[in-house]
1. List the residues whose amide H sits under 5 Å from the amide H of E3, counting only those 5 or more places along or on another chain, with H placed 1.01 Å from N in the peptide plane.
2. Applying a 10 Å radius around every beta-carbon, put 30-37, 112-119 in order of their mean neighbour count, most first.
3. Between S150 and residues 5 or more places away or on another chain, which pairs have amide H atoms under 5 Å apart, with H built 1.01 Å from N, and which residues are they?
4. Counting Lys and Arg as +1 and Asp and Glu as -1, each charge on the Cβ, what is the dipole of the chain about the Cα centre in debye, to the nearest 20?
5. What residues have an amide H closer than 5 Å to that of V8, excluding those fewer than 5 places away on the same chain, when H is modeled at 1.01 Å from N in the peptide plane?
6. Answer with one residue from A269, A19, A43: the one whose Cα lies farthest towards the positive end of the charge dipole of the chain, charges on Cβ with Lys, Arg +1 and Asp, Glu -1.
7. Volume per residue, Å³, of the convex hull around the alpha-carbon atoms of the chain?
8. Looking at the chain, send over the antiparallel percent of its DSSP beta bridges, to the nearest 5.
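Read the figures in this text as sums done on the coordinates, not as results from a lab. Please read all numbers here as calculations on a predicted model, not as lab measurements. Note that each Cβ is placed from the backbone with ideal geometry, even for glycine, and that neighbours are counted across all protein chains shown.
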Amino acid sequence: MAEKVLIVYAHQSTGSFNAAAKDAAVTALTAQGCKVEVSDLYAMKFKASATADDITGEVKDAEHFRYGEETMLAWQEGRLSADITEEHRKLSDAEVVIFQFPMYWFTVPAIMKGWLDRVLTLGFAYTSEKRYSQGLFKDKKAMLSFTTGSQESMFSANGINGDINVTLWPLQNGILHYCGFQVLAPQIFWAPPHIPSEARRSMLEAWCTRLQGLMGETPLTFTPSDSFDGGLGFQLKEDIQEKQAASEFGLTVGTHLGKPLPPNSQVKAGV
Ligand SMILES: Cc1cc2nc3c(=O)[nH]c(=O)nc-3n(C[C@H](O)[C@H](O)[C@H](O)COP(=O)(O)OP(=O)(O)OC[C@H]3O[C@@H](n4cnc5c(N)ncnc54)[C@H](O)[C@@H]3O)c2cc1C
């Protein structure tokens, strides 16, 4: 089925591997009949810092400026800056969002973090009632597609960088799933600068093949929000803790209950 896809893309160079991955996605998805929009953050000179300049007109409390509350009010009153409003439009239209970027310091580049900070505004993207599996974007899908400088073995449970599942948890759980997105397994291009060109071509071919079936993929598993008791400081409910007691593994990377992490839960669906 044809879908509307937003690609949020962060690379400075059109000759980069990231540009090739983004272009491959645009071509493959358009060929399937998808309507694809791209936010090319460096080309747009997208502002990365969350400041009072994101609001037009008076702020409510200039002395103690609170970004979340002030931008929610501005969003309700149509007073957010034009660049945020345009990204809100693209995000509202999209059924699937792909973030394409090179890993910087174990996370997204600052310009993409700025997009997340400024576009996923309180009220529009989340509220304290509408988050995680009850989140405002629960009918949308999102995925990370990124390159690394490191080899895959460096991001393993025995590797020098530690388990990639741990690295991905803040982005995939703390941002994407927090806003309700169904999170598709990440596309990881390991170390394109350090492998032969033939291997890079194979990675791009595998990406194109994956894109053919992307819309039908099962998302990663997260613990439903009603498994936590709001009255008890959002602790895992006792009956669920009891059920989990016999399991060898914790529930998720974060809610691990002091047990070994469920293997590959942030990189593969259905585990
Ligand atoms: C500030 C900073 C922080 C970083 N932090 C981390 C970190 O925490 N962890 C980590 O692992 N890495 C880190 N890195 C490394 C970074 O993630 C990699 O350099 C980056 O992911 C490589 O992707 P690229 O698109 O920039 O590659 P490029 O260098 O642009 O491309 C790699 C190769 O692919 C070639 N190529 C381009 N197009 C094609 C095509 N169509 N087909 C085949 N080949 C093609 C290019 O010519 C080049 O030879 C960091 C880098 C910086 C600058």
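1. For E3, whose amide H was placed from the backbone, the distant partners under 5 Å are C34, K35.
2. Values: 30-37: 14.8, 112-119: 20.8.
With the highest mean Cβ count within 10 Å placed first, the list reads 112-119, 30-37.
3. Result for S150 returns A191.
4. Numbers: 24 positive and 31 negative charges, 120 e Å.
The dipole magnitude comes to about 580 debye.
5. Sorted by chain and number, the residues that satisfy this are S39, I98, F99, Q100.
6. A19
7. Numbers: hull volume 39.9 nm³, N = 271.
Enclosed volume per residue, from the Cα hull, is 147 Å³.
8. Values: 4 of 28 bridges.
Of all bridge pairs located within the chain, approximately 15 percent are antiparallel.
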